[in-house]
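See below for the structure under consideration.
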Amino acid sequence: MTPPVITAWSAVSPFGLGREAFAAGVASGASAVTRLEEWPVPRQRVAPVPGFEVEKVLGRKGTRSMDRVSALAAAAAGELLGTNGRHREVAAGERAALVLGTTAGSSKSMMDITRDTHTRAMPFHIDTPRIPNAIMNSSAAQCAIRHDLKGPNTTVAGGRAAGLFALRYALRLLHRGRARSVLCGGAEELTPERGWLAHRAGGPDRPSALGEGCSLLLLEPAAPEDRPVLAEVLGVTVGVFRDGERDTGLVSCLSRALERAGVTAADLWAVSPAVGQDEVRLEPHTPLTLPQEEAWGDAGAAAAPFQIASVLAAAEQDPAARGRIAAVLSADPDNVLGCALFRIANEPGSAHV
């Protein structure tokens, strides 16, 4: 079976709007994490998308009651679809699917409505236009409406690993002929409500800096003729781990993924490790380690999509990546993990891998 391919990607990240801003930020080696003195949460180190105001980025139409996570997803989809006429032709309309990873939708929207039911004169005196935002799949639905995505529309929850779970779901849609293309990724918002939830959760695996954003891939079932291809998706392997055995579980997951794909550790060009994971060593070969959360903060459900975007951005600049394998590892504190494997195109933007 021919592996599905990635033909485009987009990012709205703490480095700015668009894939160029993300690629430049990652290449610079700088961190987008900053300190906000007026941030109402004890953890004041955060990585927001700079200058992201919903009405300024998306316009006033249809955004009056749109929450931040939906706006980030809609902006990333618009950035991808608007960069190339073919992208909109392929990734919109009939049988054009969207699979979006999330942690729990918008925690701010959920908490706002819950608060209103307790503080308003009557429990039903709430701001009704905001009710849809409290539903976990609201962001994917609003993206589909805004950008004319009429195929399957799916939201997959999984925290930091949600982007890989979404990618696995997207591959099934393509393999079974349910869609002709899939926009796939994850989105997370940075709000005081999310900040307080992360602060109260505590634990050694909780980073001190929260980030936000959205990154999307355009997936197609096979390499189109005379059209650019960035990478093949060789597969996604998922699993669970016991407390204290996360890193061992990730290496085991990577080994299983390599075996299933019919490749070896020697084929690895680069690995994007999970949060807090040390350099990945698979004797006798040690692949290149790519940056991740230290650059853009804890992006939650957007973390794995940002990692994939960093792989694609780095591969475009590194001749050593051509035709070789990249791995993205992800793990969530709720004991789920995953590994995605990609074969980089032989030439940047080539028609075939």
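The values are calculated or read from the model by the stated rules, or taken from the named source; none is laboratory data. Predicted model, so just to flag it, every value in this text is computed and none were measured. Methodologically, a virtual Cβ is constructed for each residue, glycine included, from the backbone with ideal geometry; neighbour enumeration extends over all protein chains shown. We work out accessible area using only protein heavy atoms, side chains counted, and drop any ligands, DNA or RNA first. Shrake-Rupley method; radii C 1.70, N 1.55, O 1.52, S 1.80 Å.
One line per residue, one yes/no per condition, for (1) part of a helix (DSSP H, G or I); (2) under 30 Å from ARG35 (Cβ atoms); (3) open to solvent by less than 60 Å² (accessible area, probe 1.4 Å):
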{"position": "ALA162", "(1), (2), (3)": "yes, yes, yes"}
{"position": "ARG178", "(1), (2), (3)": "no, no, no"}
{"position": "ALA198", "(1), (2), (3)": "yes, yes, yes"}
{"position": "LEU218", "(1), (2), (3)": "no, no, yes"}
{"position": "VAL238", "(1), (2), (3)": "no, no, yes"}
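Need the failing condition index for ALA198 against (1) under 19 Å from SER109 (Cβ atoms); (2) in contact with a Pro (Cβ under 8 Å, 6 or more places away or on another chain), just the number.
So the condition that ALA198 fails would be (2).
Within the stretch 12-23, identify whether any single residue is open to solvent by less than 20 Å² (accessible area, probe 1.4 Å), within 18 Å of GLU189 (Cα to Cα) and free of Cβ contacts under 8 Å to residues at least 40 places away in the same chain, and answer yes or no.
The initial filter retains those residues of the stretch 12-23 that are open to solvent by less than 20 Å² (accessible area, probe 1.4 Å), namely 12-14, 16, 18, 22.
Filter again for within 18 Å of GLU189 (Cα to Cα), leaving 12-14, 16, 18, 22.
Filter once more, keeping what is free of Cβ contacts under 8 Å to residues at least 40 places away in the same chain: 16.
The answer is yes, given that some residue of the stretch 12-23 is open to solvent by less than 20 Å² (accessible area, probe 1.4 Å), within 18 Å of GLU189 (Cα to Cα) and free of Cβ contacts under 8 Å to residues at least 40 places away in the same chain.
Can you tell me which residue within the stretch 105-131, out of those that are outside any helix (DSSP H, G or I) and surrounded by 12 or more Cβ atoms within 10 Å (Cβ to Cβ), is farthest from the chain's Cα centre (by Cα)? First the steps, then the outcome.
So the first thing to find is which residues in the stretch 105-131 are outside any helix (DSSP H, G or I), and the list is 105-106, 120-127.
Subset that is surrounded by 12 or more Cβ atoms within 10 Å (Cβ to Cβ): 105-106, 120, 126-127.
Details: GLY105: 14, SER106: 15, ARG120: 37, ILE126: 32, ASP127: 30 Å.
This residue is ARG120.
Picking from ALA134, ALA140, ALA92, which residue would you name as being among the small types (Gly, Ala, Ser), surrounded by 16 or more Cβ atoms within 10 Å (Cβ to Cβ) and farther than 29 Å from ASP332 by Cα?
ALA92
Is the stretch 13-32 home to any residue that is among the acidic types (Asp, Glu) and farther than 24 Å from ARG88 by Cα? Break it down stepwise before answering.
Of the stretch 13-32, the ones among the acidic types (Asp, Glu) are 20.
So of that shortlist, the ones also farther than 24 Å from ARG88 by Cα come out as none.
The answer is no; no qualifying residue exists.
Please state which of the following conditions GLN292 fails to meet, knowing it meets all the rest: (1) without any contact (Cβ under 8 Å) to a residue 40 or more places away in the chain; (2) touching a Pro at 6+ places or on another chain (Cβ under 7 Å); (3) farther than 24 Å from GLY18 by Cβ.
(3) is the only condition that GLN292 fails.
Provide a single number: the residues in the stretch 60-76 that are of a type in the set (D, E, K, R) and either free of Cβ contacts under 8 Å to residues at least 40 places away in the same chain or in a helix (DSSP H, G or I) (or both). Break it down stepwise before answering.
Initial filter on the stretch 60-76 (of a type in the set (D, E, K, R)): 60-61, 64, 67-68.
Remaining after also requiring either free of Cβ contacts under 8 Å to residues at least 40 places away in the same chain or in a helix (DSSP H, G or I) (or both): 60-61, 68.
Result for the stretch 60-76: 3.
Report, by residue number, each residue of the stretch 214-256 that is out of contact with any His (no Cβ under 8 Å at 6 or more places or on another chain), in contact (Cβ under 8 Å) with a residue 40 or more places away in the chain, small (Gly, Ala, Ser) and over 16 Å from VAL328 (Cβ atoms).
Correct list: ALA222 only.
Being modelled with pLDDT of 95 or more, part of a helix (DSSP H, G or I) and either under 19 Å from LYS108 (Cβ atoms) or of a type in the set (Asp, Glu) (or both) is true for just one of GLU55, GLU20. Which residue is that? Lay out the reasoning, then the answer.
Values: GLU55 fails: modelled with pLDDT of 95 or more.
Exactly one residue qualifies, and that residue is GLU20.
Going through the stretch 86-104 one residue at a time, which ones are within 30 Å of LEU197 (Cβ to Cβ), part of a loop (DSSP other than H, G, I, E, B) and among the hydrophobic types (A, V, I, L, M, F, W, C)?
ALA104
Mind checking whether some residue in the stretch 224-235 is at pLDDT below 95, in a helix (DSSP H, G or I) and touching a Ser or Thr at 6+ places or on another chain (Cβ under 8 Å)? Break it down into steps so the answer makes sense when it comes.
Of the stretch 224-235, the ones at pLDDT below 95 are 224-229.
Filter once more, so that each one left must be in a helix (DSSP H, G or I): none.
No, because not a single residue in the stretch 224-235 is at pLDDT below 95, in a helix (DSSP H, G or I) and touching a Ser or Thr at 6+ places or on another chain (Cβ under 8 Å).
LEU210 - would you say it is open to solvent by 30 Å² or more (accessible area, probe 1.4 Å), at pLDDT below 95 and of a type in the set (A, V, I, L, M, F, W, C)?
Details: open to solvent by 30 Å² or more (accessible area, probe 1.4 Å): no; at pLDDT below 95: yes; of a type in the set (A, V, I, L, M, F, W, C): yes.
Criteria not met by LEU210.
Listed here are the residues, each with its yes/no results for (1) in a strand (DSSP E or B); (2) open to solvent by less than 10 Å² (accessible area, probe 1.4 Å); (3) among the acidic types (Asp, Glu).
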| position | (1), (2), (3) |
| --- | --- |
| ASP243 | no, no, yes |
| VAL251 | no, no, no |
| ALA266 | no, no, no |
| VAL275 | no, no, no |
| ALA302 | no, yes, no |
